[in-house]
Amino acid sequence: MTPDRAAPVRILVCDDHAVVRAGLLALLDSAPDIEVVGEAGTGEEALALAAKLTPDVVLMDLQLGEGIDGVETTRRLASSPGSRTHVLVLTTYDTDADITRAIEAGATGYLLKAERPDELFAAIHAAAEGRTALSAPVAGRVMANLRRPRPALTDRERDILAQLARGIGNRDIARALYISEATVKTHLRRVYDKLGVDTRAGAVAVAKERRLLP
């Protein structure tokens, strides 16, 4: 008797573009050791289907249009009690902030949509086993960030960053630090430049990654 084949990896695809989902489903259906058990167009739908279908891997886009984004969906999936589902991000975005936010949210892997099919299949199997799977450009950025010296933030910039991490708006930051909103904006621009980001969420994510926050 020949040994039984290992069970296929059960996949849930989450992407807000129907055409992209259709292409992914057709591609994944061509792999005999991968089984697509569901598809979702929103983060909320992905959460509901994951709870019902318990896939091994959720293939997750980052930008999902309306509702919660891919990072928040990943965070909720990863923090779900008793869940064995792993999240493999599949996206076109490869900025430091996006990578950091996804990994901090609990993503097992981070793949770019430009990857070859065989690399996608390999990453899916790695993610199903809980192993890290990163596109080569993403891995390169992660290593570069680890080697990069910490940016020299001033005490005031650190104060601003700490307020950002609390989710406070510019007006309240100005009041808390007894400075003007214009001064807050000036410091924010400098913080963004030093951290290589262009959003508040990106600044907080990179700051946490590099342990710049208390």
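The values are calculated or read from the model by the stated rules, or taken from the named source; none is laboratory data. Since this is a predicted model, take the numbers as computed values, not measurements. Positions of Cβ are backbone-derived with ideal geometry, glycine not excepted, and every protein chain shown enters the neighbour counts.
Consider the range 22-51 and keep the residues that are part of a strand (DSSP E or B) and small (Gly, Ala, Ser). The one that is surrounded by the most Cβ atoms within 10 Å (Cβ to Cβ) is 40. Screening residue 77 against (1) free of Cβ contacts under 8 Å to residues at least 24 places away in the same chain; (2) within 30 Å of residue 198 (Cβ to Cβ); (3) not in a loop (DSSP other than H, G, I, E, B) leaves a single unmet condition, (1).
Within the bounds of the range 40-56, is there any residue that is closer than 15 Å to residue 125 by Cα and modelled with pLDDT of 95 or more?
yes
For the range 52-66, filtering for residues that are within 16 Å of the chain's Cα centre (by Cα), assigned to a loop (DSSP other than H, G, I, E, B) and either surrounded by fewer than 21 Cβ atoms within 10 Å (Cβ to Cβ) or not charged (D, E, K, R) (or both) leaves 4. Taking the range 99-118 only, how many residues are over 13 Å from the mean Cα position of the chain (by Cα) and touching a residue at least 12 places away in the same chain (Cβ under 8 Å)? Qualifying residue count for the region: 4. The set of residues from the range 77-97 being crowded, with 20+ Cβ neighbours inside 10 Å and at pLDDT 85 or above comprises 77, 85, 86, 87, 88, 89, 90, 91.
With respect to being at positive phi, touching a residue at least 24 places away in the same chain (Cβ under 8 Å) and not assigned by TED's automatic domain parsing to the domain that holds residue 197, residue 67 fits the description.
So that you can scan it fast, the table gives a plain yes or no per residue for (1) part of a helix (DSSP H, G or I); (2) basic (Lys, Arg); (3) surrounded by fewer than 18 Cβ atoms within 10 Å (Cβ to Cβ):
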{"position": "161", "(1), (2), (3)": "yes, no, no"}
{"position": "164", "(1), (2), (3)": "yes, no, no"}
{"position": "167", "(1), (2), (3)": "no, no, yes"}
{"position": "173", "(1), (2), (3)": "yes, no, no"}
{"position": "179", "(1), (2), (3)": "no, no, yes"}
{"position": "188", "(1), (2), (3)": "yes, no, no"}
{"position": "191", "(1), (2), (3)": "yes, no, no"}
{"position": "197", "(1), (2), (3)": "no, no, no"}
{"position": "204", "(1), (2), (3)": "yes, no, no"}
